[in-house]
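Notes follow the structure.
The values are calculated or read from the model by the stated rules, or taken from the named source; none is laboratory data. All of these numbers come straight from a predicted model, not from anything done at the bench. Ideal geometry is used to build each Cβ from the backbone, glycine not excepted, and the neighbour counts take in all protein chains shown.
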Amino acid sequence: MPKILIIEDEAAIRRVLVKILSEENSTYQVEEAEDGLVGIEKIKKEDYDLVLCDIKMPKMDGVEVLEAVKKIKPETPMVMISGHGDLDTAVNTMRLGAFDYISKPPDLNRLLNTVRIALDRKELVVENKMLKKKVSKNYEMIGESEGVERIKDMIDKVAPTDARVLITGPNGTGKELVAHWLHQKSERSKGPMIEVNCAAIPSELIESELFGHVKGAFTSAAKDRAGKFEAANGGTIFLDEIGDMSLSAQAKVLRALQESRIQRVGSDKDIKVNVRVVAATNKNLKKEIEEGNFREDLYHRLAVILIEVPSLNDRRVDIPLLINYFSEKISIEHGTAQKSFSDKAIKLLQNYDWTGNIRELRNVVERLIILGGSEVSESDVKAFASK
């Protein structure tokens with residue numbers, strides 16, 4: 001049931017607004033506040049789907065109420081009520097974040113239409129937030145070990161900046177999780193997060209994939225095509241396995257970082273891009289530099305902040321938490337009840353040599369859930385963990 005708050009110092013206008021809204025939709029729960037101060041107190045205590053607020057009021061005017069609400073409950077839509085002399089102020093409130101304004105005396109159709117649109121918008125915002133939370137759960141960083149806590153602390157410090165980050169660590173340790181956390185906790189979180197697996201793209205196609213191409217640039221270029229850097233404009237591009245990138249592509253990435261502009265393959269036209277670059281590799285890039293496989297100047301451009309993700313063998317204390325997390329997630333995926341693991345089973349898994357790191361652990365947990373007993377036992381681990 002949508003909850004609407006009317007903040008208006010004139011009792012007669014409040015009664016009219018309540019009557020209009022109640023008669024239009026019996027599911028609306030309408031509350032009143034006789035001035036801005038009372039309204040603010042109500043908003044602090046309750047969540048409203050919409051607030052209708054007069055502009056000219058004693059004690060606290062509508063502009064002050066709007067500014068306060070944007071600090072307390074920024075997602076709450078505000079519709080301002082203005083007299084004829086307040087129209088300039090009403091327009092200004094839109095710049096301050098008001099959803100809309102209506103004039104006194106309120107036009108019935110205009111009022112109801114504005115209320116419906118505002119409530120629909122609030123519902124959409126809530127749905128988007130819930131969806132974002134679900135998406136974020138796919139990139140949770142599970143663990144309480146010293147190494148994981150250190151990474152979380154670095155992310156909190158680095159994410160709000162635009163500093164470039166190079167993430168290193170063995171395969172399967174969760175480098176992509178770090179990249180997603182950096183993006184989601186950054187000011188660019190509303191923008192796109194574009195992932196490029198440099199190892200999975202043939203060297204002759206990597207430049208086209210990253211920077212796009214124009215029609216006729218090569219045999220199969222039948223039309224103009226934007227690249228990943230353009231797609232990531234305003235957001236983050238994650239260059240995974242950057243150690244496998246060709247030297248010619250490295251040169252173009254270096255130019256993009258230096259000048260914030262790119263050129264599509266086959267074109268000499270510059271395209272400006274506003275992109276944060278996060279890169280990852282399982283290779284020792286300093287060794288790759290010595291062997292002539294990686295540009296030293298690009299390395300220094302990328303490694304402004306260096307985050308090293310530890311192997312699972314270096315964070316065995318997190319294995320019980322990871323087992324429980326994967327068990328819950330896999331049971332939801334399979335539509336079955338979550339299975340528990342015995343203490344001895346967990347202890348045995350903690351002592352294994354996890355060469356495939358977290359990715360390998362997840363596969364083993366899934367196998368044990370499918371093949372093991374109602375509670376995964378030590379004998380199940382010995383039989384099915386393939387160690």
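A quick yes/no check of all residues on (1) modelled with pLDDT under 90; (2) closer than 28 Å to Gln184 by Cα; (3) in contact with a Lys or Arg (Cβ under 7 Å, 6 or more places away or on another chain); (4) acidic (Asp, Glu):
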{"site": "Ser246", "(1), (2), (3), (4)": "no, no, no, no"}
{"site": "Ser260", "(1), (2), (3), (4)": "no, yes, yes, no"}
{"site": "Arg264", "(1), (2), (3), (4)": "no, no, no, no"}
{"site": "Val277", "(1), (2), (3), (4)": "no, yes, yes, no"}
{"site": "Lys287", "(1), (2), (3), (4)": "no, no, no, no"}
{"site": "Glu290", "(1), (2), (3), (4)": "no, no, no, yes"}
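Regarding segment 278-299, can at least one residue be identified that is in contact with a His (Cβ under 8 Å, 6 or more places away or on another chain) and crowded, with 18+ Cβ neighbours inside 10 Å?
Within segment 278-299, one or more residues are in contact with a His (Cβ under 8 Å, 6 or more places away or on another chain) and crowded, with 18+ Cβ neighbours inside 10 Å.
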Single residue of segment 196-224 satisfying the filter (touching a helix residue (DSSP H, G or I) at 6+ places or on another chain (Cβ under 7 Å) and outside any loop (DSSP other than H, G, I, E, B)) that is nearest to Leu166 (Cα to Cα): Val196
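Against the definition (out of contact with any Lys or Arg (no Cβ under 6 Å at 6 or more places or on another chain) and surrounded by fewer than 20 Cβ atoms within 10 Å (Cβ to Cβ)), how does Ala199 come out, yes or no? Before the answer, list the steps.
On the way: out of contact with any Lys or Arg (no Cβ under 6 Å at 6 or more places or on another chain): yes; surrounded by fewer than 20 Cβ atoms within 10 Å (Cβ to Cβ): yes.
Yes, satisfied.
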Flag for Asp297 being farther than 30 Å from Leu247 by Cα and either in contact with a Lys or Arg (Cβ under 6 Å, 6 or more places away or on another chain) or among the acidic types (Asp, Glu) (or both): no
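If I ask for residues that are part of a helix (DSSP H, G or I) and more than 29 Å from the chain's Cα centre (by Cα), which ones from segment 327-363 would you list?
Asp343, Lys344, Ala345, Ile346, Lys347, Leu348, Leu349, Gln350, listed by residue number.
Specify the residue that is surrounded by the fewest Cβ atoms within 10 Å (Cβ to Cβ); the eligible residues are those in segment 70-111 that are of a type outside the set (Asp, Glu) and assigned to a strand (DSSP E or B).
Ser103
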Qualifying positions in segment 251-282 - small (Gly, Ala, Ser) and not in a strand (DSSP E or B): Ala251, Ala256, Ser260, Gly266, Ser267
Among the residues listed as Gly62, Gly97, the single one being at positive phi and touching a strand residue (DSSP E or B) at 6+ places or on another chain (Cβ under 9 Å): Gly97
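Restricting to segment 225-245, count the residues that are assigned to a helix (DSSP H, G or I), hydrophobic (A, V, I, L, M, F, W, C), out of contact with any helix residue (DSSP H, G or I) (no Cβ under 8 Å at 6 or more places or on another chain) and touching a residue at least 40 places away in the same chain (Cβ under 8 Å). Walk me through how you get there before you give the answer.
Step one: of segment 225-245, the residues assigned to a helix (DSSP H, G or I) are 228-231, 242-244.
Checking the rest, the ones that are also hydrophobic (A, V, I, L, M, F, W, C) come to 229, 231, 242.
Imposing the further condition that a residue be out of contact with any helix residue (DSSP H, G or I) (no Cβ under 8 Å at 6 or more places or on another chain) reduces the set to 231.
Keeping just the survivors that are touching a residue at least 40 places away in the same chain (Cβ under 8 Å) gives none.
Adding up the residues that qualify gives 0.
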Criterion (in contact (Cβ under 8 Å) with a residue 60 or more places away in the chain and more than 17 Å from Thr168 (Cβ to Cβ)) met by exactly one of Arg188, Arg264: Arg188
Checklist (1) in contact with a Lys or Arg (Cβ under 6 Å, 6 or more places away or on another chain); (2) outside the structural domain of Lys223 (by TED's automatic domain parsing) applied to Ile332, failing item: (1)
Residues (part of a loop (DSSP other than H, G, I, E, B) and either farther than 17 Å from Val91 by Cβ or among the β-branched types (Val, Ile, Thr) (or both)) located in segment 46-63: Glu46, Asp47, Tyr48, Asp49, Ile55, Met57, Pro58, Lys59, Met60
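Considering only segment 136-159, I want to know if a residue exists there that is under 22 Å from Cys53 (Cβ atoms) and modelled with pLDDT under 90.
Of all residues in segment 136-159, those under 22 Å from Cys53 (Cβ atoms) come to none.
No - not one qualifying residue is present in segment 136-159.
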Checklist (1) of a type in the set (Phe, Trp, Tyr); (2) at pLDDT 95 or above; (3) not assigned by TED's automatic domain parsing to the domain that holds Asp162 applied to Tyr325, failing item: (2)
All positions within segment 363-387 that are without any contact (Cβ under 8 Å) to a residue 40 or more places away in the chain and closer than 18 Å to Ile332 by Cα: Asn363, Val364, Arg367, Leu368, Ile370, Leu371, Gly372, Gly373, Ser374, Glu375, Val376
Given (1) part of a helix (DSSP H, G or I); (2) crowded, with 16+ Cβ neighbours inside 10 Å, number of the condition Ser248 does not satisfy: (2)
Number of positions in segment 182-235 that are among the aliphatic types (A, V, I, L, M) and in contact with a Pro (Cβ under 7 Å, 6 or more places away or on another chain): 2
